[in-house]
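Down below is the structure, laid out as structure tokens.
The values are calculated or read from the model by the stated rules, or taken from the named source; none is laboratory data. Keep in mind that this is a model prediction, so the values were computed, not measured. Here the Cβ positions follow ideal geometry from the backbone for every residue, glycine too, while neighbour counts run over all protein chains shown.
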Amino acid sequence: MTLPLFPDNNYTLRRESPEAYREFENSADGIATGGWELMIPETAADGIPYQFIFVGPSMDFRGTALRLNMVTKDGTPIPDDADVLLEAHYHTGSERTVMFQGKYGEFSAIPDQDAEDAAVSLQKRAEIGERYIIRLSVSTPSGSPPDPVSDDSYFELECVKLWWNESA
């Protein structure tokens, strides 16, 4: 029996989220990469920082849901053997955590990623705070470059968003 996805999320990151920083596209050594970057905001106006928790696998749950659909520049589906990478790091590039690394076929094999417990789950837990960058990328042979700007390309990353308040 397959474990369920983590059910207690209170926030979903998308390309339309206020944390969305930019879409990116680049090509090098015959590989085209496209995707999205999100920036965790600095301390809130009330002085309390944010913390985002991305739940990984446990004995009870598969982890947080990650949904992804990407098309190429000509509108065709991304090939199943394309590489998908979801990582988080501090804005300086330090403290890198890979939360998911796999093939696009894991996503395209699910006919309805919104169906209960049907989405792909994260492979590793991450707790990140202000000024961290989350980067979701899809890499293909450069003959079929990903198009993160297309209306048909999207992602959803469920998480727990906290306004972190510590007191002595």
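Results, tabulated for the structure shown:
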item	result
Residue list for the range 8-26, restricted to those being more than 17 Å from ILE133 (Cβ to Cβ) and either among the basic types (Lys, Arg) or loosely packed, with under 13 Cβ neighbours inside 10 Å (or both)	ASP8, ASN10, GLU16
Segments classed as strands (runs of 3 or more DSSP E), wholly inside the range 66-168, with at least 2 members that are surrounded by 14 or more Cβ atoms within 10 Å (Cβ to Cβ), of a type in the set (Val, Ile, Thr) and in contact with an Asp or Glu (Cβ under 8 Å, 6 or more places away or on another chain)	97-103, 132-141
In the range 27-42, the residues that are in a strand (DSSP E or B) and exposed (fewer than 15 other Cβ atoms within 10 Å of the Cβ)	SER27, ALA28, ILE31
Residue check for ASP112: among the acidic types (Asp, Glu) and free of Cβ contacts under 8 Å to residues at least 12 places away in the same chain	yes
Condition met for ASP46 (among the charged types (D, E, K, R), over 12 Å from ILE134 (Cα atoms) and modelled with pLDDT of 95 or more)	no
Qualifying positions in the range 19-65 - in contact with a strand residue (DSSP E or B) (Cβ under 6 Å, 6 or more places away or on another chain), closer than 21 Å to TYR90 by Cβ and among the aliphatic types (A, V, I, L, M)	ALA20, LEU38, MET39, ILE40, ILE48, ILE53
Within the range 1-26, considering residues that are part of a loop (DSSP other than H, G, I, E, B) and of a type in the set (S, T, N, Q), the one farthest from PRO79 (Cα to Cα)	ASN10
